[in-house]
1. Would you mind getting the accessible area per residue of the chain, heavy atoms of the protein chains only, 1.4 Å probe, in Å²?
2. Just the number, please: carbon plus sulfur as a percent of the accessible area of the chain, 1.4 Å probe, no ligands or DNA/RNA counted.
3. Just to confirm my numbers, what's the Cα centroid distance between segment 11-43 and segment 76-115 in Å?
4. Once both axes come from the Cα atoms, what is the angle between helix 68-79 and the longest principal axis of the chain, in degrees from 0 to 90, rounded to 10?
5. Grab the DSSP H runs of the chain that are 4 residues or longer, score each as -39,500 (n - 2.57), total them, divide by all residues and round the 222 nm result to the nearest 500 deg cm²/dmol.
6. Given +1 on the Cβ of Lys and Arg, -1 on the Cβ of Asp and Glu, and no further charges, what dipole in debye does the chain carry about its Cα centre, rounded to the nearest 20?
7. ³J(HN,Hα) across segment 80-96 via Karplus (A = 6.51, B = -1.76, C = 1.60, θ = phi - 60°), whole Hz, x for Gly/Pro?
8. Normalised radius of gyration for the chain, please: alpha carbon Rg relative to 2.2 N^0.38 Å, two decimal places.
Amino acid sequence: FKWGKLIPRTQLVTTKIGTQALLSMSLCGALAWDESAEFFANNPDLLAGGSLLVPVVLWTGLIVNALATFLQVGGMQAIGPTRAQTIFASQPLMSAILSFIFLGETIGIQGAAGGSAFLFALYLAITSPKDEEATVIDGEVCIV
């Protein structure tokens, strides 16, 4: 994670999102240009003011990709990639708990055992020593 400590968060996120957008548009253009053009030609209302297409695309691009990535990189820079990834990996557990609370879903014995094992692993990650700090000495990254 040496580059995450040396490069500002904004630059990391901008590069990631720009590369992702460029690759997505290139792949869409290469593999589905005719289908996309035909779809929008047959459905001109999708780009009109009353359509949900533009707000959904903006939400997906700005919030889901840009903001989430910006916050994720900031979290990794603040607490280190090992701890941050452990917390980010808790999404299935949090989804199961919220489904139990709000939707009345059941959590079986296997789910409870898996959730408990994950919480124990999270505890171990949180109480472990902090990641070593990176320092630049004579143009080289050194772990201090």
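1. Working: 10700 Å² over 144 residues.
Each residue of the chain exposes 74 Å² on average to a 1.4 Å probe.
2. On the way: 7350 of 10700 Å².
Roughly 69 percent, rounded to a whole number.
3. Distance between centres, Cα-based: 32 Å.
4. Value to nearest ten degrees: 10.
5. On the way: 7 runs with 92 residues, N = 144.
Dividing the helical sum by the residues of the chain leaves -20500 deg cm²/dmol.
6. Numbers: 6 positive and 10 negative charges, 96 e Å.
Charge dipole, the chain, about its Cα centre: 460 debye, nearest 20.
7. Values per residue, Gly and Pro as x: x, x, 5, 5, 4, 5, 4, 5, 5, 6, 7, 4, x, 5, 5, 4, 5 Hz.
8. Working: Rg = 21.3 Å, N = 144, 2.2 N^0.38 = 14.5 Å.
Cα Rg divided by the expected 2.2 N^0.38 Å: 1.47.
The values are calculated or read from the model by the stated rules, or taken from the named source; none is laboratory data. Model, not experiment: these values are computed from the prediction. A quick note on method: Cβ atoms are made from the backbone with ideal geometry, for glycine too, and the neighbour counts reach across all protein chains shown. Ligands, DNA and RNA are excluded from the accessible area calculation, which covers all protein heavy atoms including side chains. Shrake-Rupley method; radii C 1.70, N 1.55, O 1.52, S 1.80 Å.
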